[in-house]
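Q: Shown below is the structure under consideration.
The values are calculated or read from the model by the stated rules, or taken from the named source; none is laboratory data. Here the structure is a predicted model, which means the values were calculated and not measured. As a convention, Cβ positions derive from the backbone with ideal geometry for all residues, glycine included, and neighbour counts pool all protein chains shown.
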Amino acid sequence: MGPMASLSTPSGARSPHGARSAPTVGFDLDMTLIDSRPGIHAAFSALAAETGVLIDADLAIQRLGPPLELELANWFPEDRIAEMVDRYREIYPTFAITPTTEMPGAREAVAAVRKLGGRALVVTAKYTPNAELHLAHLGIEPDEIIGNLWAEAKGEALREHGASVYVGDHTGDVRGARAAGALSVAVPTGPCDAAELRAAGADVILPDLLAFPEWLRSYATAEGEAAGEADAADAADAATADFA
């Protein structure tokens, strides 16, 4: 397991009185919660067969994370990308949902957030309706699914929903967490290895989501203790002021 670089509270995660509510945790989707490589491979292969354009699906699934438009730009001229995005999203449910599986520990990670009374969000670059289909098919039920966001744009949704932690497998996920002032928890289960994630600024590196529930319990305990100390300090300051 990589080092836990920080248990510090992200900016804005604590109330003015030091108390911390149950955590809101965001998760990336592809290669964090789900292994969508077989499904995406099938969808790209179907698009290639339909259009007659060579798409190296084996290569494409090695670099999942960024928006679909960026991948399609490797295979189609610029003036066809919007059309191909629409067509890919249209055929995606037929080819990609059934072959996709959950990543080890995905279900337990979401359950760990709920066990603490928190909220679990999925914030992903994937088209929202297709993200919803994946999670429904696998029986994973987050509180909110927010799609079509990448890198720093993910930070906007994380801030809006008050997420204090964001879990992802890509350097773009680290950028999103940092943009939100959230703790970046990274898992090297996608295209980026631990060194890349650490260099991008991840606060915590876990080997996979199987390690997440234990980490979350430790994080919540540390944050609760810090909040208690802050409350005690506030009370002491108030008492001193009363007798000043």
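Q: Tell me which of these Pro104 doesn't satisfy, since it passes every other one: (1) within 21 Å of Ile140 (Cβ to Cβ); (2) outside the structural domain of Thr124 (by the TED database); (3) assigned to a loop (DSSP other than H, G, I, E, B).
A: Answer for Pro104: the failing condition is (2).
Q: Taking Ala199 as the residue in question, decide whether it is hydrophobic (A, V, I, L, M, F, W, C), farther than 19 Å from Gln62 by Cβ, out of contact with any Phe, Trp or Tyr (no Cβ under 8 Å at 6 or more places or on another chain) and buried (at least 18 other Cβ atoms within 10 Å of the Cβ). Before you say what the answer is, go through the steps one by one.
A: Details: hydrophobic (A, V, I, L, M, F, W, C): yes; farther than 19 Å from Gln62 by Cβ: yes; out of contact with any Phe, Trp or Tyr (no Cβ under 8 Å at 6 or more places or on another chain): yes; buried (at least 18 other Cβ atoms within 10 Å of the Cβ): no.
No: the conditions fail for Ala199.
Q: Could we say that His137 is assigned by the TED database to the domain that holds Arg198 and surrounded by 23 or more Cβ atoms within 10 Å (Cβ to Cβ) here? Walk me through it before giving the result.
A: Numbers: assigned by the TED database to the domain that holds Arg198: yes; surrounded by 23 or more Cβ atoms within 10 Å (Cβ to Cβ): no.
Taking the combined requirement at face value, the residue does not satisfy it.
Q: Within segment 140-196, can you find the residues that are touching a strand residue (DSSP E or B) at 6+ places or on another chain (Cβ under 8 Å), aliphatic (A, V, I, L, M), part of a loop (DSSP other than H, G, I, E, B) and over 13 Å from Gly26 (Cβ atoms)?
A: Across segment 140-196, the qualifying residues are Ile140, Val187.
Q: Still on this model: Of these, Ile97, Ile81, Ile34, Ile91, which one is closer than 23 Å to Trp150 by Cα and crowded, with 20+ Cβ neighbours inside 10 Å? Before you say what the answer is, go through the steps one by one.
A: Details: Ile97 fails: crowded, with 20+ Cβ neighbours inside 10 Å; Ile81 fails: crowded, with 20+ Cβ neighbours inside 10 Å; Ile91 fails: crowded, with 20+ Cβ neighbours inside 10 Å.
It is Ile34.
Q: Considering only residues that are among the polar types (S, T, N, Q) and either surrounded by fewer than 14 Cβ atoms within 10 Å (Cβ to Cβ) or in contact with a strand residue (DSSP E or B) (Cβ under 6 Å, 6 or more places away or on another chain) (or both), which ones fall in segment 44-73?
A: Step one: of segment 44-73, the residues among the polar types (S, T, N, Q) are 45, 51, 62.
Passing the criteria: only Gln62.
Q: What are the pairs, 6+ residues apart or on separate chains, where a residue within segment 70-97 that is assigned to a loop (DSSP other than H, G, I, E, B) has its Cβ under 9 Å from a residue that is among the charged types (D, E, K, R)?
A: Going by the 9 Å Cβ cut-off, the qualifying pairs are Asn74/Asp56; Trp75/Asp56; Phe76/Glu83.
Q: Return the total of residues in segment 128-139 being of a type in the set (A, V, I, L, M) and out of contact with any strand residue (DSSP E or B) (no Cβ under 7 Å at 6 or more places or on another chain). Before you say what the answer is, go through the steps one by one.
A: Step one: list which residues in segment 128-139 are of a type in the set (A, V, I, L, M), which gives 131, 133, 135-136, 138.
When the remaining residues are screened for being out of contact with any strand residue (DSSP E or B) (no Cβ under 7 Å at 6 or more places or on another chain), the result is 133, 136.
Of the residues in segment 128-139, 2 are of a type in the set (A, V, I, L, M) and out of contact with any strand residue (DSSP E or B) (no Cβ under 7 Å at 6 or more places or on another chain).
Q: Ok, one more. Would you point out the residue of segment 207-244, among those that are of a type in the set (D, E, K, R) and surrounded by 15 or more Cβ atoms within 10 Å (Cβ to Cβ), that is modelled with the highest pLDDT?
A: The first filter runs over segment 207-244 and keeps only residues of a type in the set (D, E, K, R), leaving 208, 214, 217, 223, 225, 229, 231, 234, 237, 242.
Adding the requirement that they be surrounded by 15 or more Cβ atoms within 10 Å (Cβ to Cβ) leaves 208, 223.
Values: Asp208: 99, Glu223: 86.
Among residues in segment 207-244 that are of a type in the set (D, E, K, R) and surrounded by 15 or more Cβ atoms within 10 Å (Cβ to Cβ), the one modelled with the highest pLDDT is Asp208.
Q: Taking the conditions exactly as written (closer than 23 Å to Val167 by Cα and either at pLDDT 95 or above or part of a helix (DSSP H, G or I) (or both)), does Leu54 satisfy them or not? First the steps, then the outcome.
A: Working: closer than 23 Å to Val167 by Cα: no; either at pLDDT 95 or above or part of a helix (DSSP H, G or I) (or both): yes.
In short, no.
Q: Give me the pairs, please: first residue somewhere in segment 193-204 and in contact (Cβ under 8 Å) with a residue 12 or more places away in the chain and closer than 12 Å to Tyr166 by Cβ, second residue anywhere and in a helix (DSSP H, G or I) and among the aromatic types (Phe, Trp, Tyr), beta-carbon distance under 7 Å, and either six or more positions apart or on two chains.
A: Taking only residues 6 or more apart or on different chains, the pairs are Val204/Trp215.
Q: Filter segment 141-174 for residues that are among the β-branched types (Val, Ile, Thr) and either surrounded by fewer than 22 Cβ atoms within 10 Å (Cβ to Cβ) or within 27 Å of Leu72 (Cα to Cα) (or both) and give the result. Write out each step before concluding.
A: Just the residues of segment 141-174 that are among the β-branched types (Val, Ile, Thr), to begin with: 145-146, 165, 167, 171, 174.
Once the filter is applied, which keeps residues that are among the β-branched types (Val, Ile, Thr) and either surrounded by fewer than 22 Cβ atoms within 10 Å (Cβ to Cβ) or within 27 Å of Leu72 (Cα to Cα) (or both), segment 141-174 yields Ile145, Ile146, Val167, Thr171, Val174.
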